[in-house]
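In what follows, a structure is listed as structure tokens, so that the remarks can point back to it.
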Amino acid sequence: MQSFPAVDPIPLPAPIWLLKLLHIVTLSLHFVAVEMLLGGLLLAVVLSLFRGSPLSHVTARALAHRLTVVMTYVVNLGVPPLLFAQVLYGRALYTSSVLMGAYWISVIALLTLTYWLLYQFSARVDAGRSAWWVGLSAWVLAGFIARLLSTNMTLMLRPEAWRGMYSASAAGIYLPTGDPTLEPRWLLMMAGGLFIGGLWMVYLAGRSTFTAEEKRFLAGLGGKVAALFGIVYLAAGLWAASVQPQAVKTGLATHSLYRFAGFAGYGWLALVAVAVLFAAIAGFGKMTAAWVGWAGALVALLVEITLVVYRDGVRDLTLLSKGFDVWDRAVVTNWGVVGLFLVLFVVGLGVIGWLISVVARAQKPMEGAAQ
Ligand code: HEM
């Protein structure tokens, strides 16, 4: 029996390799923002509990202020990979999205509520009021959104589960069960939050808007958190890899193309190990030089790129073992449109970089100063 819906007769308007490349670039950036949100928020919540300590207060406030901006990047950098994923894997992804439709559509409401709570959290921290429960609510919602994304991205790989779900309800009110890859995959992203969140604090320690004492606090705490949760992140990654089906493991080791995704997996392992060591040195040595922060940011970006490439291999090989070949599509490239798109894409990235630099330069007053 044919598991996947029939292929769309309209050919793809750009080469598959290009769509995949754009997907990998934009999803890596989405993951950096997601991890900053998940980890930075939890760290800010914990620090906001220690309102009596000026160092904790300044750090919680600095993170909370930035999280509302980070959220805009989470959303805006989530849209492009969603579009590319739907173009490439629509037959699988639309099906899984509809099967858990009630939850999938609820992401919009959850996202709006999370955003509002982030602003409330930031305002309460600013005013020196109790804020932890507001921030924690936002974090629980963000973690639930992450859970729903992991659920959909794994359900799309399991056509064998679709018919049963549809028979149980055509209204999309059930979530799938029985997938051994879901738990480690979600844990990987949640632990990655504290790993990247810690590196983010090490980066902030290099900023001139903090006093020397605040910088040492940021680097010390951030480095230690990143080192500790980097190890949990590593363990979750190994767990997620170990529960993949045998066909996927073999493909990652031997397939002429997806071997490279396998290599990216080893690259991810090596980079996280290096980052853990680096974070421990920065944390225990309370290193506050700007280059240390930038080095941490670079490693964080590379970690996410290698993860996304590996994850892409896992998806394609899983689907391939079930009869869905992502490369097997009619392509009629419209080079004029592709060229225009690429120009706008590069200009868009440039504008984002410029916006970040404007925001960075605008935060000149010392972070601890009353506003
Ligand atoms: C608080 C907000 C969000 C959080 C915490 C979050 C978290 C995540 C996580 C954890 C994953 C990985 C799932 C997995 O593969 O296991 C993911 C993937 C993804 N997210 Fe987000 N996300 C958020 C918002 C968004 C938004 C608003 C969009 C789009 C409009 C989006 C688009 C995507 C896409 C397209 C993927 C996977 C793409 C693929 O596999 O090809 N996300 N997100």
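The values are calculated or read from the model by the stated rules, or taken from the named source; none is laboratory data. If you're wondering where the values come from, they're calculated on a predicted model, not measured in any experiment. A quick note on method: Cβ atoms are made from the backbone with ideal geometry, for glycine too, and the neighbour counts reach across all protein chains shown.
If you go through the range 211-222 one residue at a time, do you hit one that is hydroxyl-bearing (Ser, Thr, Tyr) and either free of Cβ contacts under 8 Å to residues at least 24 places away in the same chain or farther than 30 Å from Ala369 by Cβ (or both)? Checked the range 211-222: no residue is hydroxyl-bearing (Ser, Thr, Tyr) and either free of Cβ contacts under 8 Å to residues at least 24 places away in the same chain or farther than 30 Å from Ala369 by Cβ (or both). Total residues in the range 318-371 satisfying the condition of being closer than 30 Å to Pro9 by Cα, outside any loop (DSSP other than H, G, I, E, B) and not small (Gly, Ala, Ser): the figure is 13. When you look at Val299, is it within 30 Å of Leu277 (Cβ to Cβ) and either assigned to a helix (DSSP H, G or I) or of a type in the set (A, V, I, L, M) (or both), yes or no? Criteria met by Val299.
Would you confirm, using the coordinates I've provided, whether Leu188 is within 28 Å of Met287 (Cβ to Cβ), touching a Phe, Trp or Tyr at 6+ places or on another chain (Cβ under 6 Å) and not in a loop (DSSP other than H, G, I, E, B)? No; evaluated as a whole, the condition is false for this residue. When the range 127-143 is filtered for residues that are surrounded by 15 or more Cβ atoms within 10 Å (Cβ to Cβ) and either within 14 Å of the ligand (Cβ to nearest atom) or assigned to a helix (DSSP H, G or I) (or both), the ones remaining, listed by number, are Trp132, Val134, Gly135, Leu136, Ser137, Ala138, Trp139, Leu141, Ala142, Gly143. For the range 83-105, give me the residue count where each residue is within 13 Å of the ligand (Cβ to nearest atom) and surrounded by 15 or more Cβ atoms within 10 Å (Cβ to Cβ). Count: 11. Name the one entry in Val7, Val79, Val75, Val58 that is at pLDDT 95 or above and either more than 14 Å from the ligand (Cβ to nearest atom) or buried (at least 18 other Cβ atoms within 10 Å of the Cβ) (or both). Answer to the selection: Val58. Would you check which residues across the range 179-232 are more than 19 Å from Arg361 (Cα to Cα) and hydroxyl-bearing (Ser, Thr, Tyr) and list them? Correct list: Thr181 only. Residue count for the range 191-213 satisfying the condition of being more than 15 Å from the ligand (Cβ to nearest atom), surrounded by 21 or more Cβ atoms within 10 Å (Cβ to Cβ) and more than 21 Å from Phe284 (Cβ to Cβ): 0. The residue of the range 309-365 that is nearest to the chain's Cα centre (by Cα), among those that are away from the ligand (no atom under 16 Å from the Cβ) and among the hydroxyl-bearing types (Ser, Thr, Tyr), is Ser357. Out of Gly265, Gly251, one residue alone is touching a residue at least 60 places away in the same chain (Cβ under 8 Å) and not polar (S, T, N, Q). It is Gly251. Flag: Thr318 matches the condition of being hydroxyl-bearing (Ser, Thr, Tyr) and surrounded by 15 or more Cβ atoms within 10 Å (Cβ to Cβ).
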